[in-house]
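**Q** The structure's right below; bear with me while I get my questions together.
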Amino acid sequence: MIWAITRRCRDCLHTACVDVCPVDCIYEYTGDDRQTFPNQLYIHPKECIECGACEPACPWEAVFRVDKVPPAFQDDVALNARVKEDPGAFRPASHTEKPTPADDEVRANHAKWG
C-alpha cells in the first residue's frame, strides 16, 4: 500500500519525512495554483516503494497508508496522486532541519484539521 501526506502538513512542512525517504518520492509544489496545491508536501504514488519510513518521522502525524487515511482526509489521497499528472510543477523536496513541534502544537493542528 502506498502512503499519502494529508492536510495536517499544510504550512508546517517539517521535512523529517524527506530525510528518511530512501527513494526521494516526496515532492513540493512549485507551480502557481496554490488553491489546488496548498503549501504542503506530497508523495508521488508511482515512486513510493511502500517502506513506511516517512510515517513515524512526521511529527505532525500527517502521513498515512492510503488504506488507513481517516475519512476527513480522503481528498488528500487524490491530491497526492496528482503529482504524476504535472511533473514540471513539482520538485523533490529537500530536507531542512526544523525544531520538532511541541505536543500542544500537534494537538492544535489535529483540532484544526479534524
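The values are calculated or read from the model by the stated rules, or taken from the named source; none is laboratory data. Quick caveat, the model's predicted, so the values are computed rather than measured. We place every Cβ from the backbone using ideal geometry, glycine too, and count neighbours over all the protein chains shown.
Residue-wise test of (1) surrounded by 13 or more Cβ atoms within 10 Å (Cβ to Cβ); (2) modelled with pLDDT of 95 or more; (3) in a loop (DSSP other than H, G, I, E, B).
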site	(1), (2), (3)
MET1	no, no, yes
ARG8	yes, yes, no
VAL18	yes, yes, no
ASP24	no, yes, yes
ARG34	no, no, yes
ASN39	no, yes, yes
TYR42	yes, yes, no
ILE49	no, yes, yes
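**Q** Looking only at segment 64-87, decide whether some residue is at pLDDT 95 or above and assigned to a strand (DSSP E or B).
**A** yes
**Q** Go through (1) in contact with a Lys or Arg (Cβ under 7 Å, 6 or more places away or on another chain); (2) closer than 18 Å to ILE49 by Cα; (3) buried (at least 16 other Cβ atoms within 10 Å of the Cβ) and name the single condition ASN80 misses.
**A** Unmet for ASN80, out of (1) in contact with a Lys or Arg (Cβ under 7 Å, 6 or more places away or on another chain); (2) closer than 18 Å to ILE49 by Cα; (3) buried (at least 16 other Cβ atoms within 10 Å of the Cβ): (1).
**Q** When the residues of segment 51-63 are filtered to those that are touching a strand residue (DSSP E or B) at 6+ places or on another chain (Cβ under 6 Å) and surrounded by 21 or more Cβ atoms within 10 Å (Cβ to Cβ), which remaining residue is nearest to CYS17 (Cα to Cα)?
**A** Ranking the candidates gives CYS54 first.
**Q** Let me ask something else. Restricting the search to segment 5-33, which residues are under 14 Å from LYS46 (Cα atoms) and touching a Lys or Arg at 6+ places or on another chain (Cβ under 8 Å)?
**A** Residue satisfying the conditions is TYR27 alone.
**Q** In addition: Which condition does ARG7 not pass, out of (1) farther than 24 Å from ASP104 by Cα; (2) in contact (Cβ under 8 Å) with a residue 60 or more places away in the chain, if it passes all the others?
**A** Failed condition: (1).
**Q** Tell me, please, whether a residue that is closer than 18 Å to ILE26 by Cα and assigned to a helix (DSSP H, G or I) can be found in segment 92-110.
**A** Scanning segment 92-110, I find no residue that is closer than 18 Å to ILE26 by Cα and assigned to a helix (DSSP H, G or I), so the answer is no.
**Q** GLU55: within 11 Å of ASN80 (Cα to Cα) and in contact (Cβ under 8 Å) with a residue 24 or more places away in the chain, yes or no? Show your work before the answer.
**A** Working: within 11 Å of ASN80 (Cα to Cα): no; in contact (Cβ under 8 Å) with a residue 24 or more places away in the chain: yes.
The answer is no for GLU55.
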